[in-house]
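Some notes on the structure that comes next.
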Amino acid sequence: MANAQQVLQRARSLAEQYRHDEAERLIVKLLSEEPSNPDASAELGILYTFTQREIEAVDLLHRASGAERFSELAQSLTDHFHCRALMAKKLGIDDPLGKKAMESVRALAGLEPGNVGIRLSACLIVRNEEAHLERCLASVRRIADEIVVVDTGSTDGTVAIAERFGATIGHFDWVDDFSAARNESLRLATGDWALWIDADEELDASSENGVREALMRPQFGGFYVQIHNLLDESGDANQYVHVPVRLFKRCDSVRFEGRVHEQITPSLKALGLPNATLESVKIRHYGYRPSDMASKDKIQRTVSLIEKELEERPDDPFQLFNLANAQIVARDYASAAAAAGAAVRHLERESGYGSQVYQILAASLIELGRYDEALAACDECDERGFASVLSQFERAHALQRMNRDEDALAAIDRCLAMEWPLELTGDYGIKTHKRQLLKGQIIAQLGRFTEAVELFDFALAHDPANTVALYSKAATLDAMGQPIEALKVFEAGFGDPFMGPANKKGAARVYQRLGQLDVACQLFEEAWRGRPMDHGFWVHWVQCAEAAGDMPAVVRAYEAYNERAELSADMLVNWGRALATCGDHEKGLNCFTEALKRDPTNANAYFNCGDLLYQLGHFADAAHLYESGLRHAPLNADGWFVLGNSLAQMGLGQGAQTAYRQALNINAKHAGAQANLALVEEGMKEQAA
């Protein structure tokens, strides 16, 4: 019997870890050996209630008579079938199976239902949400018995909309604390259950039956619900999915915690009841669309509140994770990597967000070019038991950036073979199309262009506006020798604020090769202005303008760059040359002078400044500058040549002769020095005669 108790204790421990299949196998094996063991029957019955198989649990109840947990099982079944009867009555349907099961439970146990019910309160906190609120309330009106709306200071028509839906209205002064406001909504609610939903969210119409199924199961404390955060202005191709508890028992002890990214699960845990996942329930969240994020300055507000939380609990891994998540959304990769790194140092094994925080860490390190560290983060993620499709995706991503193409291909194939568990939080696009996109990029680097294009088309079928896919496909078509087709695809991605500049740069390079330098110059300029911190984009613009002989465009490029960053001495020299070519001699001289201030050893600056003064007829000043340049670059044959020219213009034949000979000592084939030396020597002979 002691051995049986050990088996049951082990099974119970597995069930508490939500490892229900393993627990069930242990108990079933025990019952095959000891079919009359009442404790095993009770344990299996309780397990069935937590896997939503209550009818099967009823069949075990009579075999559990005398078991230590008999009353617990009987009460759980009594409460469930009572709620099931309430739901049948509410919907006006007959439920003979439920009635029969309830009669059996009553006959065996004779218990009365506890303090349970099926009334649902939809609880919201709002402020200036007239653009979204009606859609939200319309989505919960059929399923909720009451709607509670707590307003935190709206100045628009939000409250009037809530009143039109018959909501219970509360008013709460905003104190930079989401939990405080949400707890006020719970205080006003009267339902047996609470559905936590926001004004910019919508309960999917297909979710109603799933919610009703949950309301009939008081053996659970709460239910995880998939939240699909829509990231594009329209459509649902790009989504970030997370799975928090959104439907839960409402009682006095259940309260939200946390100033931001508030949580209900800690107080639910104190009830001693497990949570379950509602696979058929989905909430769509519109608040992460770009227009909403910008209008409400959500990222800065979120970061500010998280930082307040961290002042009180600096090692809180959940808030460090939230901070990293906000920062990677803002593309502040250095800060995101630091916050995610701190989060993983304090991460506990049971943390449901472990896979995601490691993905944020790896993705941020990749964007910072720290690929080895990203791979190390993926290794650590796997070693600590957080391995998922997310970490495998980032492993492949890092290897691809390192040009370890065969390793990257093996990694992304493993990623493609992995499932996306219902409870996993992260970028849902990885599941639907982004891993195919990454594989396409990898095999394109391996020269398998046709296969790559097929994968890019797969990604674009899911997300036609995906400008990374557009760029990748266009670049691949270009590599396949299809420039016209490549241009069409590049141009489709011009409008995106993030990848648009890269697509313009790609198109510009095609036009440049096709000899359409004016179009290429314009696109290079637009690409750099869209991503002004990318020096390489600007270099392409300048080089193309120079190749086109468009010196005004070159001048414009240097002027634009100078408005954003400090020019190096060499850049100032090139700007001065362009200005001089355009006839703006004064500004050209100013550029050369500034270049020499920044780098007094820059021989090129001396020579170019000398050239301009020579053109203006200031031969003595030009000669002085050439001599200064030659002190720093004595082996510059052209420098000696132009010095010779200046001295010749000044009538200093002997000095010019010496300069030309020095140029020829360095480069015996210098045609200009050969010709001018001959002229000077001829002139000197004539003077001597």
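A few comments on the model shown:
- Residue list for the stretch 577-595, filter: under 45 Å from the mean Cα position of the chain (by Cα) and either farther than 21 Å from PHE641 by Cα or free of Cβ contacts under 8 Å to residues at least 12 places away in the same chain (or both): ALA578, LEU579, CYS591, GLU594, ALA595
- Residue within the stretch 278-301 that is part of a helix (DSSP H, G or I), within 20 Å of GLN17 (Cα to Cα) and of a type in the set (Gly, Ala, Ser) present: no
- None of LEU323, LEU361, LEU368 is surrounded by fewer than 22 Cβ atoms within 10 Å (Cβ to Cβ), aliphatic (A, V, I, L, M) and either on the phi > 0 side of the Ramachandran plot or out of contact with any His (no Cβ under 9 Å at 6 or more places or on another chain) (or both) except LEU368.
- The criterion of at least 3 residues that are under 47 Å from the mean Cα position of the chain (by Cα) is met by the following helices (runs of 4 or more DSSP H) wholly inside the stretch 18-114: 20-33, 38-49, 54-61, 70-91.
- Residue within the stretch 232-248 that is under 13 Å from LEU195 (Cα atoms), open to solvent by less than 10 Å² (accessible area, probe 1.4 Å), in a loop (DSSP other than H, G, I, E, B) and not acidic (Asp, Glu) present: no
- In the condition set (1) over 29 Å from GLY272 (Cβ atoms); (2) out of contact with any Gly (no Cβ under 6 Å at 6 or more places or on another chain); (3) in a loop (DSSP other than H, G, I, E, B), CYS251 is compliant with all but (1).
- Conditions (1) open to solvent by less than 50 Å² (accessible area, probe 1.4 Å); (2) in contact with a Leu (Cβ under 7 Å, 6 or more places away or on another chain); (3) under 18 Å from ILE197 (Cα atoms); number of the one not met by ALA339: (3)
- Residue under evaluation ALA444, criteria (1) modelled with pLDDT of 95 or more; (2) among the small types (Gly, Ala, Ser); (3) open to solvent by 70 Å² or more (accessible area, probe 1.4 Å), criterion not met: (3)
Quick grid of which residues meet (1) of a type outside the set (D, E, K, R); (2) crowded, with 17+ Cβ neighbours inside 10 Å; (3) modelled with pLDDT of 95 or more:
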position: LEU195; (1), (2), (3): yes, yes, yes
position: GLU201; (1), (2), (3): no, yes, yes
position: ALA214; (1), (2), (3): yes, yes, yes
position: GLN219; (1), (2), (3): yes, yes, yes
position: ARG250; (1), (2), (3): no, yes, yes
position: SER253; (1), (2), (3): yes, no, no
position: GLY258; (1), (2), (3): yes, yes, no
position: PRO266; (1), (2), (3): yes, no, no
position: ALA270; (1), (2), (3): yes, no, no
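- Of all residues in the stretch 584-617, those that are over 28 Å from ARG556 (Cβ atoms) and open to solvent by 50 Å² or more (accessible area, probe 1.4 Å) total 2.
- In the set (1) more than 26 Å from the chain's Cα centre (by Cα); (2) under 19 Å from PHE498 (Cα atoms), the condition left unmet by SER291 is number (1).
- Filter result for THR432 (open to solvent by 20 Å² or more (accessible area, probe 1.4 Å), polar (S, T, N, Q) and within 30 Å of PHE223 (Cβ to Cβ)): yes
- Out of GLY153, GLY157, sole residue that is open to solvent by 10 Å² or more (accessible area, probe 1.4 Å) and at positive phi: GLY153
- The lone exception for THR302 - which of (1) within 24 Å of GLU184 (Cβ to Cβ); (2) surrounded by 15 or more Cβ atoms within 10 Å (Cβ to Cβ); (3) modelled with pLDDT of 85 or more it fails: (3)
- All of ARG246, ARG182 fail the test of being within 23 Å of SER351 (Cβ to Cβ), more than 26 Å from the chain's Cα centre (by Cα), modelled with pLDDT of 95 or more and not acidic (Asp, Glu), apart from ARG182.
- Residues (aliphatic (A, V, I, L, M), more than 22 Å from ALA324 (Cα to Cα) and in contact (Cβ under 8 Å) with a residue 60 or more places away in the chain) located in the stretch 256-313: ALA276, LEU278, VAL281, ILE283
For (1) among the acidic types (Asp, Glu); (2) over 29 Å from TYR18 (Cα atoms); (3) at pLDDT 95 or above, each residue gets a yes or a no:
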position	(1), (2), (3)
LEU320	no, no, no
GLY352	no, no, no
ARG370	no, yes, yes
GLU394	yes, no, yes
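- Any chance ASP332 is of a type outside the set (Ser, Thr, Tyr) and over 18 Å from the mean Cα position of the chain (by Cα): no
- When ASP550, ASP570 are checked against the criterion of being surrounded by 14 or more Cβ atoms within 10 Å (Cβ to Cβ) and either aliphatic (A, V, I, L, M) or within 23 Å of LEU517 (Cα to Cα) (or both), ASP550 stands alone in meeting it.
- The set of residues in the stretch 490-503 that are in contact with a Leu (Cβ under 8 Å, 6 or more places away or on another chain) and open to solvent by 40 Å² or more (accessible area, probe 1.4 Å) contains only ALA492.
The values are calculated or read from the model by the stated rules, or taken from the named source; none is laboratory data. Keep in mind it's a predicted model, so treat the numbers as computed, not measured. Here Cβ is always computed from backbone atoms with ideal geometry, including for glycine, and neighbour counts include all displayed protein chains. Accessible surface areas use protein heavy atoms only, side chains included; no ligands, DNA or RNA. Shrake-Rupley method; radii C 1.70, N 1.55, O 1.52, S 1.80 Å.
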